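Here's the structure we're looking at; comments come further down.
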Amino acid sequence: MTREMNSPTKSGTVKLRLYRVFVILVFLVVLCGALSIPFVYESQTLWYKIGLDKTMLLGGQLAGLLAAVLLFVQILLAARGNFLKKLFGIDAVMRWHRTNGIIVSLLAISHGALILIPEGVSNFPIGLKYWPEMVGTLLLCIILSMVISSQFRQKFRLDYKSWKSIHKLLGYLAIIFLAIHVLFVSESFEQTVPRVALITTFVGVAVSAILSKKSAGQKKE
């Protein structure tokens, strides 16, 4: 009798662990694919750099791509879909969301600094010609605003409802600006594979977030 009762529980635990491993593996595959782009589809800016400048520029590109992947993850964590909640628990999802936001902001700052320093601070990209870079700067400001307001919401005396509405709007803008910035800022994404991969990821994350929100709304009703 005891064996019969424990069997379904053990089976469910094993399935849960397998799902977790699968999700982590998918994340690692996507991450490795993203980080391989500067090496497989090298941008023209790297052709004219040598030594430390080239290393910093490459590091900046990698930091930017890692930030992009984690920002997509951030949207999924923010949506708090039933799948993730069942898989890891709501407390873990919320904790990862807060931590991931800080990591994304640090990577975004590193990306900007490592890209700008080899070019020279005096060559800061300003003007219509550099609109993709300017979109990236605006994206950085949005990310920093979201993280700072989240960490110091009480000190800024923001009530939760107002903060949440602003935070949600900035989140939507961030993911849109991210897609635009990445698609047009680098020659790497003029290639078919990186471009299709980015658009597919963007659409997939957007649809997943929308479905998660709808599901959560129906349950509340």
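Derivation of every value follows stated rules applied to the coordinates shown; laboratory data play no part. Predicted model only: the values in this text are computed from it and were never measured. Cβ atoms come from the backbone with ideal geometry, glycine included; neighbour counts cover every protein chain shown.
What lysines sit close enough to K164 to cross-link, taking a C-alpha to C-alpha distance under 22 Å and skipping anything fewer than 8 places away on the same chain? Filter leaves K85, K155, K213, K214, K219, K220. What the Cα atoms of segment 64-187 give is an Rg and a Dmax of 15.8, 50 Å. Measuring r between the beta carbons of R157 and V26 and using R0 = 35 Å, the FRET efficiency lands at 0.30. Counted residue by residue at 0.36 nm each, then reduced by the alpha carbon distance between them, the extension gain from I109 to I210 reaches 33.5 nm. Exposure proxy for C32, C141: other Cβ atoms within 10 Å of each Cβ, ordered fewest to most, give C32, C141.
Rounded to the nearest 20 debye, the dipole magnitude of the chain is 1360 debye, with +1 charges on Lys and Arg beta carbons, -1 on Asp and Glu beta carbons, and the Cα centre as origin.
Between the alpha-carbon centres of segment 156-186 and segment 77-151 there is a gap of 9 Å. Projected onto its three principal axes, the C-alpha set of segment 1-116 covers 72, 27, 19 Å, listed from the longest axis down.
The S145 and R17 beta-carbon pair, evaluated with R₀ = 35 Å, returns a calculated FRET efficiency of approximately 0.40.
Candidate values (1) 1.00; (2) 1.04; (3) 1.07 were compared with Rg/Rh (Cα atoms, Kirkwood Rh) computed on the shown model; the agreeing label is (2). Calculated [222 nm] ellipticity per residue, helices only, for the chain: -29000 deg cm²/dmol; basis is -39500 (n - 2.57) per DSSP H run with n ≥ 4, divided by all residues, nearest 500.
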